[in-house]
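The next block holds one structure in the form of structure tokens; read it before the comments.
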Amino acid sequence: MRGKEFSFLGGGRSGVALSVAFFVFLVSFYFPLSSKAINNIFYAFIAIPCVGWLLWKPRALPVFLAGFAWLFVAIAGLVVFCSSELADLKKIIYMVLFFSACMLLWVEGYLERVIFGFAVFSTLLFLIAAAECLWQGFFGGSWSRYAVFLGWEINPVYWGLSIVSGWAFLWVFYFDNCLSQRSRLAFLLGFAFLNLMVLMCVLVFQSRSALLGYLGFLFFYALRGGLFWFGSLVVAFLAAALYFSGWGELLLERGMSYRLDIWVDAVRRVVSECGIWLGCGADDYRFLGQFYHPHSSYVSVFYKGGIGGVVFLLGFALTFFAVALKGRSRWLGIALIGWGGLIATGNGMVSSPKPFWIYFWIPTLMAVLEVRGAVVKKYLDARKEAEPLGTWLRDYSRRLMH
């Protein structure tokens, strides 16, 4: 399946260029850049090259679209039902191009390297954040949620989910196999250390969404790997450590952050004011008079798209999990962090570039690609047989003239 698929842009160097652009795009969410700046990075250095790559062999494009039709139909349905403006349809194109970028990098062997680099970079940022948090706690006497990194405000929820997702990737693709080959004890100690690091991350950022997502990963990984009892023991030990040390209060001091009240308000408005079948659309309603969105991607789908949006969401979820489970995708456990995290954060499933592309869409799309390698190969074979765009246009113009 690996091949010179970047040849129309100058060989493997274009693969490296796309990899660098992809890495810069991912880490840009950590920095105080505007949404417009991050979007421009995606448009200029990822989307446009992928448009060129897909259109370079236009006869093969239907094979690509048909091979993953269920995925694109689900994305299109979520956009159509959950949007109120025609311009929102461009989000469908964004997702198709992002998927094609993941496929390109995966086929050329760069994707895992990029995510590895992102995970390492995320770890460095976490170590700085943790050091700052400990300094403030021990010497400043203030144990509070870490929300300012080196002078700029951050979103602790997005940071927590992105960092934990990166660690799960490192464990599944690198440390799991490496430690297993050494000894059972090394593996178990490594797994316990992973859980300890995740707990520290959750405490530093007070991100219950990251904890919720990681518990999904932990449950799935423990069941698949026959580690149910050890995983349960680790969870019990960490819970006890939180309780007796008093650090658990850091995690609980913000309560439920109005989540349940927001969700009740969203459902109430759909049922009593907007209509249960089509929802309220993407309006400017303030939940509880102050919040701009439902703080749950799933509730948001129901709020914006009603039953129609939920049908596409359920169809997408059921198909995805059936495909990923049957194919025993290594990415599935990592994807569960995003699927779990979106329970208590987010404003929909499909959007322009947002941080949840990192911890939700990348592992989800990669799980699909990993178990549908035959479909990818079929598309790549079709590309080899198809003529380039210039030849296709010349032949097409000749047919029109005759």
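The values are calculated or read from the model by the stated rules, or taken from the named source; none is laboratory data. This structure is a prediction, so every number in the text was calculated from the model and none was measured. In this analysis, Cβ positions are derived from the backbone assuming ideal geometry, glycine residues included, and neighbour counts consider all displayed protein chains. With ligands, DNA and RNA removed, areas are computed over all heavy atoms of the protein, side chains included. Shrake-Rupley method; radii C 1.70, N 1.55, O 1.52, S 1.80 Å.
Pairs meeting the criteria (first residue in region 112-129 and in contact (Cβ under 8 Å) with a residue 40 or more places away in the chain, second residue open to solvent by 70 Å² or more (accessible area, probe 1.4 Å), beta carbons under 8 Å, at least 6 apart or on different chains) are Phe116/Tyr174. Restricting attention to region 20-40, which residues are free of Cβ contacts under 8 Å to residues at least 60 places away in the same chain and either farther than 20 Å from Ile163 by Cα or assigned to a helix (DSSP H, G or I) (or both)? Passing the criteria: Val20, Ala21, Val24, Ser28, Ser34, Lys36, Ala37, Asn40.
When we screen Thr364, Thr391 for residues that are at pLDDT below 95 and open to solvent by less than 70 Å² (accessible area, probe 1.4 Å), the only hit is Thr391. Of the helices (runs of 4 or more DSSP H) entirely within region 177-282, those holding at least 3 residues that are exposed (fewer than 15 other Cβ atoms within 10 Å of the Cβ) and modelled with pLDDT of 90 or more occupy 184-205, 259-269. You will find that of Ala60, Ala47, Ala66, Ala37, the residue that is exposed (fewer than 14 other Cβ atoms within 10 Å of the Cβ) and closer than 30 Å to Gly315 by Cα is Ala66 and no other.
Could you grab me the full set of residues in region 94-150 that are out of contact with any helix residue (DSSP H, G or I) (no Cβ under 7 Å at 6 or more places or on another chain), within 27 Å of Phe45 (Cβ to Cβ) and in a loop (DSSP other than H, G, I, E, B)? Listed by number, the residues that qualify are Gly109, Leu150. Taking region 151-178 as the range and being charged (D, E, K, R) and touching a helix residue (DSSP H, G or I) at 6+ places or on another chain (Cβ under 6 Å) as the test, no residue passes.
Yes or no: region 335-344 includes at least one residue that is closer than 17 Å to Phe72 by Cα, in contact (Cβ under 8 Å) with a residue 60 or more places away in the chain and buried (at least 24 other Cβ atoms within 10 Å of the Cβ).
No: zero hits.
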